[in-house]
Structures are given as structure tokens and as C-alpha cells.
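The values are calculated or read from the model by the stated rules, or taken from the named source; none is laboratory data. Everything numeric here is computed off the predicted structure, so don't read it as measured data. For the accessible areas, the whole protein counts, side chains as well, though only heavy atoms, and no ligand, DNA or RNA atoms are used. Shrake-Rupley method; radii C 1.70, N 1.55, O 1.52, S 1.80 Å.
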Amino acid sequence: SKLEIGWEVIATASPSRPVIKAAMDAASPDPYQPNPEEHAPNADLEHRRLFDSGALFVTDLVPAVSNDNVILSIGRLGGFVELVPIPKWMWMDHDRLAPNDIPDNRRRDYFVDLTQAQDITAFSTKEFHVDVIALDAICTRVSNSGQNSLATGSNHPAEVVLVACGESGEADGETALTYWGITTMASDPSGGSGAKSEVIVRLVGRRSIENVGADVTLFASPATVDHWANQSVPSHRKKRRRMTSSITTMAPVVALRLTSYDDVVLLAALDFNGGVTVIDCTAAVALAEQSSNEIDAQSETICSREVIMTC
């Protein structure tokens, strides 16, 4: 038999209106804006400042399939998560791969702009961590059992639990983990062509990782050094030789992986220095499966990075 490898669909996802709005609402005032009480902010300049800041840079993305619903979670550097529903036909098995030469009248069948979706949801994590570095998601028993979340109360059992991590923003610089329950509610349970869906997100757990190894020192890029020089060096001294500068931070967690066996859900967090911390997330996932306002803040550490590094 011949193994055929190729692509089926190519999708693009620019920052959507919901994530831009969430970022604009959370943005700090422009320090160079003259008296904002007297001068209304320029929308174009505010958007440009937002994009130039790098807050919408994509740091991680992960898909989750639940009850035939597919949600693509996109983590953005400024502390925002975008939940983009993926059309079912994109996720289903295709009879054949896309042809090498696609006629212009068929291009829309293979190239999809996900940003045009009307039911994109975005939320900020800044209350718990100032950025989003890594994501992972796992389906709950609600998803696996095919239960209908429409039949529940105001807090709907989550079909998916999404874990995000970033810097806590506190003086100690710890890495913060947040657990989010995600439920997709369809306005048309029959799944007709005109069906709309609403994504509901609620916090179900949080904790921090204290030890991630030695600090990390990186050389600043020439563009960053030039920017610092322009802000701090007097104009008559700017012709001096290029400066070299470095940045030292606590080692971040760079990847998350969720796995489950029996009724236990474990999270492995890989830090920049190669250490892995294993955390028991079973309680947080159990709360997500319930119609509850409780938040799990006591996730147990099963294995610390020191044990992993010495094995």
C-alpha cells in the first residue's frame, strides 16, 4: 500500500474582535497621551500600540474535540485566550487530500478564515497571571458521555478543561496555573446548518509552581537595545558604539501536557531548564464536571522537578 501524506484544509486566524476588545479593555493608559480627560484617545493609534506591544503574539494553541464540537484555544502573550470554534467539516475525515492545483472557484473549500466566525470567545487571565505561555486541554466525562449541557442550571458542567500558565505578576515571580471549564451550548441541538453555539468559560482551579530552577539570562535583540537607548541616552551621545544588554528572568514553564488514566488526571509542566513538575488535577476536573461555583486551589504535587532531574 502507498502512504499518502498531504494537507486537507488550511485555516488562518488573525486576532478576532473579541480578543482585541479584551486586550484594549485590559491595556494600561498610554503614558504619552496628553491628559486623556481632555483628549479622546485615537482608536487607530490605540490599535497600533496594542499590536506593536506584542500582546497578541500567539504563544500556544491546542484543539479540543467534545460532543462533535471542536474548539481551538489560542494563547496570546499579553494574557489572553481566544476560543475559536472549528467547523465540523474541517475536522471530519476527508475522502482525499487537497489537489496540488486548486481552481479559483474551489479555493474557498480549502482555505478558511476562522476569524470571520461569529461565536468566538476571548477572556483575560491577568487577574491570575500576566501572560500566557503554554496551554493544554482535556475532555471531561461530561464530553465522553455525550450529556447535554443545556439541561443544567446557570453553571454548566464543563465538556473541556483548559489549563493555562504564565507569570503570576507578584514580586516572587512564581509561575501561576489556572484551570478553566469550557462548555459549548448549541442553539439548535439538532445541529442544523443554521445552528449557532455559545462558549461558556469559568475558572475551576488555580495554583502556583514555586521552583523552576535557575534564572534565565538572554541577550536583548538589537531592536530592543536601540529602543532603550532612544529612551534613555541623550541625543548627543547616540552615535557611540552599539550597546549590548541582557535580560534576566525566572525560568518560565514552556509546555503543559495533560493525561488521564482511570479517574485520575495528571498535568506535567516542563520548565525552561528541563525540569518537570507533575501535578494531580483530578479535583479541578471534578469541579468542572459539576454545576458548582467552587474553585480548587489545593492541587497536589505528585513529583517535583528535583526528582525528575536526579533520575
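Through the Karplus equation 6.51 cos²θ - 1.76 cosθ + 1.60, θ set to phi - 60°, convert the phi angles of the range 58-65 into ³J(HN,Hα) values in whole Hz; use x for Gly and Pro.
7, 9, 6, 8, 8, x, 9, 9
Let me cross-check LYS21: its accessible surface, 1.4 Å probe, with only protein heavy atoms counted, in Å² to the nearest 10?
Roll a 1.4 Å probe over it and LYS21 shows about 130 Å².
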